[in-house]
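To start, the structure itself, in structure tokens.
Nothing in this text is a laboratory measurement; each read-out follows from the coordinates by a stated rule. Remember, it's a predicted structure, so these values are computed and weren't measured experimentally. Heads up, the Cβs are rebuilt from the backbone with ideal geometry, glycines too, and the neighbour counts pull from every protein chain shown.
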Amino acid sequence: MKVGVGIATKGRPDELADIVAALARQTMPPEIIVVSAVGPSDVGALVPSETLKIVFGSAGLCHQRNRALDLLLPDSDIVAFFDDDYLPSRFALERMAAVFHDHSDIVGLTGALLADGINSLGILRADAEAAIARYDSEPAGPITFTGPLVGLYGCNMVFRGSAIGDLRFDEALPAYAWQEDIDFSARIGRKGILCKTSAFAGIHRGVKGARQSGIKFGYSQIANPVYLMRKGSMPFAFGVRLMLKNMLANHGKLVWPEPWVDRRGRVRGNWLGLRDLVCGSLSPGRIAAL
């Protein structure tokens, strides 16, 4: 099975080089890697080749992933989307291909995370590589599956190429496009099963750059779930729980916020979103004006 990998990136040339190097060490190397960036500074010293394509265009996670899809399909039997700060086990592609080969009813997978730095200052590359090396040195355990799931985790989500077909990421979700992974995978999940598996693993380093606008992100925490619930790609109960969970977290951590999170801005964004919801003007794209 031909595996293609798409990586959307912006402002992380060092992390991008790390994951491209990790993909080169795979026991089953990808047929093609497509790096979707905004400008040359995003890719650093990477040089395009027969198996490494680099495409530039407008910023925005959905736009960037769609540009990658246009190059990955229709030739890839399996399409894997990895964040630029994700590092896979060297057996990852081989094992995910085996799952798709053996389970024709599965259309999407997310793997096990040995660690996830998203809720911390992030995981150093040396620590991540050491943990992956330990994992790879141990015998593979029994493969487990959890599902069916509503959607997949965007840092490592893998799809059967034929199930994607003409589907694309929703470009009405701008910028970091919060919850685009749920939206895209849920729509593909109508064609089969989405699940989490222990068959392959990696580490999401959760690298922190410049702190993003808390107001915009807080607004997206309201606007994006409401948009997806109305669209039908996010179950109502799932979306309401998601909004409440994040609002409670933002308000609960106002006194002692994490240094890498603008909790005050997120709270303000949450309430701006609720105001627009009541007024009938709520839209994911309104973050451009905040």
| query | Which of the lysines could a cross-linker span from Lys2 if the Cα-Cα distance has to be under 23 Å and same-chain partners fewer than 8 positions apart are dropped? | reply | Lys53, Lys191, Lys196
| message | Tell me which GluC sites (Glu not before Pro) from the range 1-65 have a DSSP coil assignment and no more than 11 other beta carbons within 10 Å of their own. | response | Glu50
| field | Calculated from backbone phi, Karplus (6.51, -1.76, 1.60) coupling profile of the range 263-271 in Hz, x at Gly/Pro | value | 5, 4, x, 5, 4, 4, x, 4, 6
| field | Antiparallel bridges, percent of DSSP beta bridges restricted to the chain (to nearest 5) | value | 35 percent
| Partners for Lys216 among lysines (Cα-Cα distance below 22 Å; same-chain residues under 8 apart left out) | Lys10, Lys208, Lys231, Lys245, Lys253
| Most mobile of Pro74, Pro142, Pro174 in a GNM of the chain (Cα contacts under 10 Å) | Pro142
| said: How would Ile7, Ile143 line up from fewest to most surrounding beta-carbon atoms within 10 angstrom? | reply: Ile143, Ile7
| field | Charged-residue dipole, Cβ positions (Lys, Arg, Asp, Glu), the range 1-104 about Cα centre, Debye nearest 20 | value | 60 debye
| request: Report the full-extension gain for the segment Arg125 to Val47: residue separation times 0.36 nm, less the Cα-Cα distance, to one decimal in nm. | output: 25.9 nm
| Loop-only check: which trypsin sites (Lys or Arg not before Pro) in the range 23-127 are DSSP coil with at most 16 other Cβ within 10 angstrom? | Arg25
| query | Extension gain Glu171-Glu94, at 0.36 nm per residue separation less the Cα-Cα distance, in nm? | reply | 24.6 nm
| task | Determine by what factor the alpha-carbon radius of gyration of the range 214-280 differs from 2.2 N^0.38 Å, reporting the quotient. | result | 1.10
| task | Please give the contour-minus-distance gain from Val255 to Val150: 0.36 nm per residue of separation, less the Cα-Cα distance, rounded to one decimal in nm. | result | 34.5 nm
| note | Note: the range 1-48 at 37 °C, 0.692 mPa s; Kirkwood Rh on alpha carbon pairs; Stokes-Einstein D in µm²/s works out to 294 µm²/s
| request: Determine the principal axes of the Cα atoms in the range 108-235, then give the extent along each, sorted from largest to smallest and rounded to whole angstroms. | output: 46, 38, 22
| note | Connecting every pair of Cα atoms under 10 Å apart in the chain and solving the GNM, the largest mean-square fluctuation among Cys279, Cys155, Cys62 falls on Cys279
| Label point at Ser281 placed 7 Å out along Cα→Cβ; residues across the range 215-231 whose backbone nitrogen lies under 19 Å | 215-224, 226-227
| field | Estimated dipole of the chain in Debye, rounded to 20 [Cβ of Lys and Arg +1, of Asp and Glu -1, Cα centre] | value | 1200 debye
| task | Go through the range 217-231 residue by residue and turn each phi into a ³J(HN,Hα) via Karplus (6.51, -1.76, 1.60, θ = phi - 60°); whole Hz please, and just put x for glycine and proline. | result | 5, x, 5, 4, 5, 9, 5, 5, x, 4, 4, 6, 5, 5, 6
| If the convex hull is drawn through the Cα atoms of the range 10-111, its volume per residue in Å³ | 101 Å³
| query | Out of Ala199, Ala175, Leu272, whose Cα points farthest toward the positive end of the dipole of the chain (charges: +1 Lys, Arg; -1 Asp, Glu; placed on Cβ)? | reply | Leu272
| Using bins 10 angstrom wide from zero, how does P(r) for the chain break down, in % of all Cα pairs? | 6, 28, 36, 24, 6, 0
